[in-house]
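These notes concern the structure reproduced below.
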Amino acid sequence: MVPELESRWLIKGLKVYQIRVEDLDVSIYRKRIRHLYLKVGPSDDCVRVSAPLHIDDELIKRVVCKRKHWIRKQQEKQRLRGRISEYQFLTGETHYVEGASVCLSVRFYEGAPSVNLVNGSTLQLNVPSGTNQEQRKEIIAQWYRHRLRSVVPKLIAVWEPIMGITVGEWRIRKMKTRWGSCNTRAGRIWISLELAKKSIKCLEYVVVHEMAHLIEPSHNRRFWAILDNLMPKWRTYRDELNRFPDAGRAN
């Protein structure tokens, strides 16, 4: 048996304690819930399980052991995402455009800001002298937004007659954990700004995924069958999306 740490205490009526599962310290939160939920942070002491009251620790340990490869993968993604968030937007950094890595080159001059993709390998950022990090970040974000605005309408126009639906409205939003979302009542889909960094096929997958919700709102068997029929290779594009850097998810 895996040795269990002795500390147990109550937080707002919850039974909270830790168990050791191989080389992981797992925090257990006992709640009046039906299902077991696993949440992962970037370090070994950031694995949390919310568990129903009737499930014993041995079952929890087996679940954690079975999901250990997934846990390690999620931790690595989060650590890398943390490193990516530390961009200074200075010359020499690696950024991403349509799935390809490019080298950022910043030129300070007296003139209006601009961004250009040079030879598919250099992201040229021209900004006035004295432009700070947040301003450089926002200028590049607006450039990404402009690129999405030129591509997404074309994708929607291609897929609307195929799917037999009409998208009432689409918008771009900064999202931390999702690639897209859909408001079925309004017929509106949202696209993550981060998708400008991914390949066109990945962007197309998210657009189709969200449009499919206008046919079937839930992630049920019918929904996945619709995707299988429309885009048989959607799992390939989903897996590509979820490889770091900047992994989120379509909803």
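With a requirement of 2 or more residues that are over 22 Å from TRP70 (Cα atoms), the helices (runs of 4 or more DSSP H) lying completely within region 160-251 that satisfy it span 200-212, 221-230. When you look at GLY168, is it on the phi > 0 side of the Ramachandran plot and more than 14 Å from the chain's Cα centre (by Cα), yes or no? When the stated conditions are applied, GLY168 does not pass them.
Could you please let me know if PRO161 is in contact with a Ser or Thr (Cβ under 6 Å, 6 or more places away or on another chain), surrounded by fewer than 20 Cβ atoms within 10 Å (Cβ to Cβ) and not aliphatic (A, V, I, L, M)? Step through it out loud before you land on a result.
Numbers: in contact with a Ser or Thr (Cβ under 6 Å, 6 or more places away or on another chain): no; surrounded by fewer than 20 Cβ atoms within 10 Å (Cβ to Cβ): yes; not aliphatic (A, V, I, L, M): yes.
No.
Counting only strands (runs of 3 or more DSSP E) that sit completely within region 66-157, those holding 3 or more residues that are under 21 Å from the mean Cα position of the chain (by Cα) correspond to 94-97, 100-109.
Rundown of residues vs (1) out of contact with any Cys (no Cβ under 6 Å at 6 or more places or on another chain); (2) closer than 20 Å to PRO232 by Cβ; (3) basic (Lys, Arg), yes/no style:
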position: TRP179; (1), (2), (3): yes, yes, no
position: ASN183; (1), (2), (3): yes, no, no
position: ALA186; (1), (2), (3): yes, no, no
position: ILE191; (1), (2), (3): yes, no, no
position: LYS197; (1), (2), (3): yes, no, yes
position: LYS201; (1), (2), (3): yes, yes, yes
position: HIS209; (1), (2), (3): yes, yes, no
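In region 51-71, the residues that are in contact (Cβ under 8 Å) with a residue 60 or more places away in the chain and in the same structural domain as ASP25 (by TED's automatic domain parsing) form no Cβ pair under 8 Å with any partner that is assigned to a strand (DSSP E or B) and not aromatic (Phe, Trp, Tyr), whether six or more places apart or across chains. Counting residues in region 200-212 that are surrounded by fewer than 18 Cβ atoms within 10 Å (Cβ to Cβ) and not assigned by TED's automatic domain parsing to the domain that holds PRO113 gives one or more. Selection of first residues in region 147-168 that are over 15 Å from HIS209 (Cα atoms) and of second residues that are surrounded by fewer than 18 Cβ atoms within 10 Å (Cβ to Cβ) and charged (D, E, K, R), restricted to Cβ pairs under 9 Å at least 6 apart or on distinct chains, gives the following pairs, ordered by first then second residue: GLY168/ARG188.
The values are calculated or read from the model by the stated rules, or taken from the named source; none is laboratory data. This one's a predicted model, so the numbers in the text were calculated from it and none came from an experiment. Positions of Cβ are generated from backbone atoms using ideal geometry, with glycine treated the same way; all protein chains shown enter the neighbour counts.
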